[in-house]
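For reference, the structure is listed below as structure tokens.
The values are calculated or read from the model by the stated rules, or taken from the named source; none is laboratory data. This is a predicted model, so every value here is computed, not measured. Here Cβ is always computed from backbone atoms with ideal geometry, including for glycine, and neighbour counts include all displayed protein chains.
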Amino acid sequence: MTENENKASQFKQGYLYAVRLLTASKKSGEQLKKRLLDRGYGCELSEQILIQLQKQHLIDDEKLARDTALWAIEAKRFGRNRIAVELKKRGIAKKLVEDVLTSIDEVKERDTALNLGRDRWNRLKLVPLAKKQKRTYDYLVRRGFGFNLSREIIDDLRQESFENPRT
């Protein structure tokens, strides 16, 4: 087998491997490149495979970032900070992460945080107010909501509980 035939064979094997990975789940270009490198395909060959996949529209980091953010907001009920972490884990470029985060609706994020906070607050009925506030605040921050937004939600929930003392 000549060197050209060997490279073509490796390209084909790497390409088929990448397509198999994409059939299992959506992946970013960075994730695919890492998997190809781990599998023993060289850097140059991995780049060629990624270029071919991009030409065929099999990988699209921008669409993946938007879909992941939408999934994180609606299904997982995460805040902006947690969404940024999820996108970075997937190897999405920093600029693209920033673009996706700016497109997130602030009202929807606030409503999600308020609903999550209210659920948590109501589960802590027997806990003293100070602990209830701290636990709910910490929970919202862990879910990826900003410090200021979490503080506002706690203030709203405290106000609601004073207006309706049964909860």
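Regarding region 61-76, can at least one residue be identified that is without any contact (Cβ under 8 Å) to a residue 24 or more places away in the chain, part of a helix (DSSP H, G or I) and in contact with a Gly (Cβ under 7 Å, 6 or more places away or on another chain)?
Taking every residue of region 61-76 in turn, none turns out to be without any contact (Cβ under 8 Å) to a residue 24 or more places away in the chain, part of a helix (DSSP H, G or I) and in contact with a Gly (Cβ under 7 Å, 6 or more places away or on another chain).
Quick check on this structure: which one of 40, 91 is in contact (Cβ under 8 Å) with a residue 60 or more places away in the chain, closer than 19 Å to residue 14 by Cβ and not in a helix (DSSP H, G or I)?
91
What is the one condition in (1) closer than 14 Å to residue 15 by Cα; (2) small (Gly, Ala, Ser); (3) in contact with a helix residue (DSSP H, G or I) (Cβ under 8 Å, 6 or more places away or on another chain) that residue 65 does not satisfy?
Going through (1) closer than 14 Å to residue 15 by Cα; (2) small (Gly, Ala, Ser); (3) in contact with a helix residue (DSSP H, G or I) (Cβ under 8 Å, 6 or more places away or on another chain) one by one, residue 65 breaks only (1).
Is it true that residue 97 is of a type in the set (Val, Ile, Thr), in contact with a Leu (Cβ under 9 Å, 6 or more places away or on another chain) and under 15 Å from residue 70 (Cα atoms)?
Judged against the criteria, residue 97 is a match.
Filter region 77-88 down to the residues that are of a type in the set (D, E, K, R) and touching a residue at least 12 places away in the same chain (Cβ under 8 Å), then identify the one that is nearest to residue 31 (Cα to Cα).
Let us first name the residues in region 77-88 that are of a type in the set (D, E, K, R), namely 77, 80, 82, 86, 88.
Still in the list and also touching a residue at least 12 places away in the same chain (Cβ under 8 Å): 77, 80, 82, 86.
Working: 77: 24, 80: 22, 82: 19, 86: 13 Å.
This residue is 86.
If I go through region 97-145 residue by residue, how many of them are touching a residue at least 12 places away in the same chain (Cβ under 8 Å), small (Gly, Ala, Ser) and either over 26 Å from residue 63 (Cβ atoms) or in a helix (DSSP H, G or I) (or both)?
Residues flagged as touching a residue at least 12 places away in the same chain (Cβ under 8 Å), small (Gly, Ala, Ser) and either over 26 Å from residue 63 (Cβ atoms) or in a helix (DSSP H, G or I) (or both) within region 97-145 amount to 2.
Output yes when any residue across region 104-112 is under 30 Å from residue 35 (Cβ atoms), under 21 Å from the mean Cα position of the chain (by Cα) and modelled with pLDDT under 95, and no when none is. Write out each step before concluding.
The first filter runs over region 104-112 and keeps only residues under 30 Å from residue 35 (Cβ atoms), leaving 104.
Still in the list and also under 21 Å from the mean Cα position of the chain (by Cα): 104.
Add one more test, that the residue is modelled with pLDDT under 95, and what stays is 104.
Yes, that holds for at least one residue.
Condition first: under 23 Å from residue 152 (Cβ atoms), of a type in the set (D, E, K, R) and surrounded by 16 or more Cβ atoms within 10 Å (Cβ to Cβ). Now tell me which residues in region 74-127 satisfy that.
Result: 77, 80, 82, 109, 110, 118, 120.
Looking at (1) among the hydrophobic types (A, V, I, L, M, F, W, C); (2) within 17 Å of the chain's Cα centre (by Cα); (3) at pLDDT below 95, can you tell me which one residue 51 breaks?
(2)
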